[in-house]
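This report refers to the structure that appears directly beneath it.
The values are calculated or read from the model by the stated rules, or taken from the named source; none is laboratory data. Keep in mind that what you see is a predicted model, and the values were worked out from it rather than measured. Note that each Cβ is placed from the backbone with ideal geometry, even for glycine, and that neighbours are counted across all protein chains shown.
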Amino acid sequence: MTLGYKLKRLRESKGLVQREVGAEIGLDGTFISQVERSKKPINRKHLKSLASFFSTDEAELQMLWLSDKIYHIIEKEKTAKKSIQNVLDRLN
């Protein structure tokens, strides 16, 4: 799951439009649309506000944010899977 997809689900579950979410955290509704479609990354500093606004777990939003960031760095690398496995091994 991407952060954008999660944010879209949260927004829709509250019956809100992108403009309303953007206004809550000081961003444009068009930008929120791009975030939901994984076209633009959101700044990490907005995750706490989003978690509070949606009454959801900030740690989950942080995890999805970081996962998206890592994915976009390595998505076109031929050794992406092996590199991720190496990182996992090092973290354990």
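Filtered by the rule that a residue be touching a Phe, Trp or Tyr at 6+ places or on another chain (Cβ under 8 Å) and assigned to a helix (DSSP H, G or I), segment 12-34 gives V21, G22, E24, I25. Quick one: is K69 closer than 16 Å to Y5 by Cβ, at pLDDT 95 or above and not in a helix (DSSP H, G or I)? No.
I'd like to check something: does segment 79-90 contain any residue that is assigned to a helix (DSSP H, G or I) and surrounded by 15 or more Cβ atoms within 10 Å (Cβ to Cβ)? Taking every residue of segment 79-90 in turn, none turns out to be assigned to a helix (DSSP H, G or I) and surrounded by 15 or more Cβ atoms within 10 Å (Cβ to Cβ). Residues being surrounded by 14 or more Cβ atoms within 10 Å (Cβ to Cβ) and among the small types (G, A, S) are entirely absent from segment 57-78. Residue by residue through segment 14-28, note down the ones that are farther than 16 Å from A51 by Cβ, exposed (fewer than 13 other Cβ atoms within 10 Å of the Cβ) and out of contact with any Gly (no Cβ under 6 Å at 6 or more places or on another chain). Hit for segment 14-28 is G15, nothing else.
Scanning segment 35-55 for residues that are surrounded by fewer than 17 Cβ atoms within 10 Å (Cβ to Cβ) and either assigned to a helix (DSSP H, G or I) or in contact (Cβ under 8 Å) with a residue 40 or more places away in the chain (or both) yields a count of 5.
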